[in-house]
Every structure is written in C-alpha cells, then in structure tokens.
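The values are calculated or read from the model by the stated rules, or taken from the named source; none is laboratory data. The model shown is predicted, which means the values in this text are computed figures rather than measured ones. Cβ placement follows ideal geometry from the backbone for every residue including glycine, while neighbour counts extend to all protein chains displayed.
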Ligand code: UDP
C-alpha cells in the first residue's frame, strides 16, 4: 500500500487517481486544511496531521505501507516570507516527524514533492538538477532543507528517496473528477480563467519590465497528470533500483504571462481584462527546466506538451467547479 500524505490536495489527488489506474492500493492522510475530502475518490482516507506522532504510529502499525509520497506542504511563497515559522514547522519539522516514524517502522521508500524554488535565481537555462541551489524565500529553503535531510538519511540508513522538483503544475484531470481548487487561489492560470469567466473584473500582471521578449515572466507549465505519471515511475524506480535520485519535472518550454493570457483567450473564446501590477518579490524573470534526466532514467515523457491542451482541461474544470458552487 502507498501512503499519500496530502492526497486530498491538487497534486496529491491526481497522483492517487493515477496510482489506482496502475493497480496500486492507496491510503490518503490529509488534515483537510487546504485539501478537499471529495477529492479522495480512490483508496482509504484518514483525516489527520503528520505532526500527530501517535496517529502515524497507528497507521504504520495497522497498514502494510511500502512507500510514502508526501504532498502536505504549505506552498504560498509570500506567506512564507511573512510567517517563516509556519513553513518551518509544517514543511520541515512535521516532515522530519514523518521520516522518524517511517524509519521506526522500517518503511524505507519516500517520494518527495519538491520544487524548482530550490534553485532560486537561475544562472543558466534550462535549469538542470546540478544547477546551484540558492532558494530566495523560506518556502524554497524549507524544501531544500528536507532534500538535505533525505540525502543524509539515504547515506546513513536503509532508506531511499526520489525528490521531484516540479516547475509550474497546471491543468486538470480530463475526466473532470478532480482539478485545481485552491483557497485562496494565487496561481496564474486559474486567476486568468476567473477573469475570463467574469468571476473577477481582471487579472493582474505582476511586472511588465522583465528582461523577456514581452516584459512579463516566463514559466514552464506542466500538466498535473504528467506529474502524476512521473510519481508512478519514481515509485517503480525505487522498487527496482534501491537508489536515491532527484529529478526536475517540467516541459522544457517557457510561456510568458502575456502568452498565457492570450492562450486563455483563445481557449475560452472570451476577452480577458488585465491590469499591470508591481512585480512579486522573489519572482525570477524566467524559470524553465530541463527534464532530460527524468526522461533518460525514469522514461518520463510528458503527454501534455501543448499549452492549449493543458489550459483546455483547466478551463473545463473551472467551469464545472464554479457551476457547482453557484448551485450549492
Ligand atoms: N502571476 C501574475 N498574476 C497573477 C498570478 C501570477 O502575473 O495574478 C505571474 C507570477 O508573477 C509568475 C507567473 O505568473 O511570473 C506564475 O505564477 P504562479 O503563482 O502561477 O506560479 P509560480 O511561478 O509562482 O510558482
């Protein structure tokens, strides 16, 4: 059985679905602080927190857990700057608590949801896994600190991990069973779709004088289901190789904020109002990743490489989500 910590959230729920499609049994542990119980459509569900050692003890005693996948981190960069303690308690201390309890119970395979924020300002593009690690905010620091702990655990103990450094997760399950639903929402694509659908007046463009062709930030958007497939491949890698690894997960193509807005106009057929706003502190002009290593070692090849298709699934989900919430 695979324990998915944070499996009621955006990325964790898609991983749960994909693991089931591959015949894996899953158990979701989620405190529902940001997740949604209705997203746990597969496997068993326990509501709880990884700070609760006795609950973790009970889980590892009761269930035959082969591997743990961990998604229950806080991810709001701005909030992490204002309240670093919150990030170090949850993302670092509680993760260590999980690792300690796993070790005690002999559970030795771990897949970690990491981020391209561990690189900080890129020195070379596309970013490869050996790029220097210089996070520029507490969120990125907390993720890098966990990676360091994992490296040390892997050297010292019978313990192996795969750390997956995501670029910008986007899109939704094309069957529309689950999708992106953050409260509050801070991500570009759902906010642009809010403006398209009239839920908001306009979308803010954070910075228009970046050193990029149209002056707006460039990011590498990767479909959440492609991320999910990479986790399944990482699980098999751990089962077959008994070796720890770190992989970037991105599409290798960059799109500017303006390009995303134009693509959303094309996909929705709606006009989108924008307004210029100040750059967000700590936002590098360009973040594009090389996923060559994941391709070569895991055989990961993203299916959703067309940004139009990625946004189409996000739009379909957005319409369904808000149709439902206005009816209820
Ligand atoms: N962005 C923007 N307006 C928004 C939200 C985001 O211009 O309302 C920009 C943001 O500055 C970044 C890009 O869109 O350059 C992607 O931001 P997002 O928060 O989706 O992901 P991040 O790259 O921060 O993980």
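Please find, among 184, 190, the residue that is within 23 Å of the chain's Cα centre (by Cα), within 9 Å of the ligand (Cβ to nearest atom) and over 27 Å from residue 129 (Cβ atoms).
On the way: 184 fails: within 9 Å of the ligand (Cβ to nearest atom).
Only one candidate qualifies: 190.
For the stretch 242-278, filtering for residues that are assigned to a loop (DSSP other than H, G, I, E, B) and closer than 27 Å to residue 315 by Cβ leaves 10.
Of all the helices (runs of 4 or more DSSP H) wholly in the stretch 50-158, which have at least 2 residues that are within 16 Å of the ligand (Cβ to nearest atom) and either in contact (Cβ under 8 Å) with a residue 60 or more places away in the chain or in contact with a strand residue (DSSP E or B) (Cβ under 9 Å, 6 or more places away or on another chain) (or both)? If you could, list the steps in order and put the result at the bottom.
Working: elements: 53-62, 77-82, 84-87, 95-104, 138-156.
Answer list for the stretch 50-158: 77-82, 138-156.
Taking the stretch 286-310 only, how many residues are modelled with pLDDT of 95 or more, assigned to a loop (DSSP other than H, G, I, E, B) and surrounded by fewer than 19 Cβ atoms within 10 Å (Cβ to Cβ)?
Residues in the stretch 286-310 being modelled with pLDDT of 95 or more, assigned to a loop (DSSP other than H, G, I, E, B) and surrounded by fewer than 19 Cβ atoms within 10 Å (Cβ to Cβ): 5 in total.
Can you work out which of the residues in the stretch 204-221 that are within 8 Å of the ligand (Cβ to nearest atom) and out of contact with any helix residue (DSSP H, G or I) (no Cβ under 7 Å at 6 or more places or on another chain) is nearest to residue 116 (Cα to Cα)?
From the stretch 204-221, those within 8 Å of the ligand (Cβ to nearest atom) are 204-207, 216-219; that's our starting set.
Applying the additional criterion that residues be out of contact with any helix residue (DSSP H, G or I) (no Cβ under 7 Å at 6 or more places or on another chain) yields 204, 206-207, 218-219.
Values: 204: 23, 206: 19, 207: 20, 218: 14, 219: 11 Å.
So the residue we want is 219.
Counting the residues of the stretch 35-45 that are in a strand (DSSP E or B), in contact with a helix residue (DSSP H, G or I) (Cβ under 8 Å, 6 or more places away or on another chain) and surrounded by fewer than 17 Cβ atoms within 10 Å (Cβ to Cβ) gives 0.
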